[in-house]
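What follows is a short report on a single structure.
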Amino acid sequence: MNSMKRIIILASGSGSNVENIINHFRTNAYIEVAAVLTNKNTAPVIERCKRLKVPAIYFNKSAFIDSNVILDFLNSQEPDLIVLAGFLWKIPENLVASFPNKIVNIHPALLPKYGGKGMYGSKVHEAVKENGETETGITIHFVNENYDEGAIIYQAKTNLLPNDTPEQIAEKVHALEYEHFPKVLEKLLLPNG
Ligand code: GRF
């Protein structure tokens, strides 16, 4: 019996994608969300995990960047995939090197546009609006040591109307995230279905 595929998720904020991914795999016999790690001890994602009965672990900068505490923890968990879902810190090089092609991120725009340091959350949708884009979308990509630069795995698009507000754009993008992210993760973990 092949052992469960283990996902560990890193998140910094609300965690609606975390909840969606946990729910998606809840009844999956081969894939589980083993734990959620967060760098914000006030992040709403912690409450979601309590309710969903998935371990949520807070870590600070020294554990993540200035030491190998989180790297060692991740190694001990033997994750098949490390998923960034609204995680705002860059991934340290030694962590990227320890999990080649095993760290994926979702970005709420069509990279390479509207990516990079500081481009997250409403800042992305405001820039898309500012530039009068007629479409936007999501990008799921492998993570390297730079923000939003790893190989692109999947993109999905949605049309925008001229009077869409940044909040309405965010809503359209979240809808794509909820629809596609868990399925892309499933495909990565069980390529033969
Ligand atoms: C999502 O829009 C995701 O694309 C980006 O951060 C946001 C996280 O939202 N990386 P949530 O915390 O999952 O609600």
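Key figures for this structure:
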item	result
In segment 116-167, the residues that are without any contact (Cβ under 8 Å) to a residue 12 or more places away in the chain and crowded, with 19+ Cβ neighbours inside 10 Å	none
Complete set of residues in segment 78-97 that are surrounded by 17 or more Cβ atoms within 10 Å (Cβ to Cβ) and either among the polar types (S, T, N, Q) or within 12 Å of the ligand (Cβ to nearest atom) (or both)	VAL83, LEU84, ALA85, GLY86, PHE87
Yes/no for ALA109 being touching a Ser or Thr at 6+ places or on another chain (Cβ under 8 Å) and surrounded by 15 or more Cβ atoms within 10 Å (Cβ to Cβ)	yes
Lone qualifier among LEU161, LEU188 - being farther than 20 Å from LYS113 by Cα and outside any strand (DSSP E or B)	LEU188
Any hit, segment 19-37, residues being assigned to a loop (DSSP other than H, G, I, E, B), touching a residue at least 12 places away in the same chain (Cβ under 8 Å) and near the ligand (Cβ under 10 Å from one of its atoms)	no
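Here, each number is a calculation from the coordinates, and none is a lab measurement. Every value quoted in this text rests on a predicted model; they were computed, and no experiment measured them. Methodologically, a virtual Cβ is constructed for each residue, glycine included, from the backbone with ideal geometry; neighbour enumeration extends over all protein chains shown.
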